[in-house]
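Novice: Quick one: the structure is below, and I'll ask about it shortly.
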Amino acid sequence: MDAEQIRELFFELAPVSVRRLFGGAGIFADGVMFALVADGVIYLKADAHNTPDFERENLEPFAYMRKGGRRAVMSYRRMPDRLYDDPAELKKWARRALDAAQRGSVGRKSSGRAVQNRPQKAKRARRCD
């Protein structure tokens, strides 16, 4: 699935952008990543509010293998296959995924001020003999 097909698929929700990520792609709306594509499969952002929808349909979370052979599970769930052919239903699921992504991003963005106002560690004076 290429970027244009993805933008076309989500046209009912909002203008989306697609950015390449680690062999897959992130799908963004309103500056927030609400879905990802891996191995041609779309996964939607899930949180406590919409995870029951995915669980009712036995939709697995996105997982990958980390270095050292540990399995990492992310908060994205496989999108139901029927949504590829149902724009109205896809819009509902995508809206809930975008809402989940926006809830998750609250407080993460920094204006840069917090970093600038952080107290500086005192530097040790060097002795020059």
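Novice: Which of the residues that make up segment 68-109 are touching a strand residue (DSSP E or B) at 6+ places or on another chain (Cβ under 6 Å), among the aliphatic types (A, V, I, L, M) and under 16 Å from E57 (Cα atoms)?
Specialist: Hits for segment 68-109 are M79, A97.
Novice: If you take the residues in segment 1-11 that are farther than 18 Å from Q102 by Cα and modelled with pLDDT of 90 or more, which one is surrounded by the fewest Cβ atoms within 10 Å (Cβ to Cβ)?
Specialist: Per the stated criteria, the residue is E4.
Novice: One residue is enough: does segment 2-20 have a residue meeting the conditions touching a Leu at 6+ places or on another chain (Cβ under 6 Å) and closer than 22 Å to S105 by Cβ?
Specialist: Within segment 2-20, none of the residues are touching a Leu at 6+ places or on another chain (Cβ under 6 Å) and closer than 22 Å to S105 by Cβ.
Novice: List the helices (runs of 4 or more DSSP H) that sit entirely inside segment 13-129 and contain at least 3 residues that are modelled with pLDDT of 95 or more and surrounded by 10 or more Cβ atoms within 10 Å (Cβ to Cβ).
Specialist: Qualifying helices (runs of 4 or more DSSP H): 51-56, 87-105.
The values are calculated or read from the model by the stated rules, or taken from the named source; none is laboratory data. Every value quoted in this text rests on a predicted model; they were computed, and no experiment measured them. No Cβ is skipped: glycine too gets one built from the backbone with ideal geometry, and neighbour counts run over all protein chains shown.
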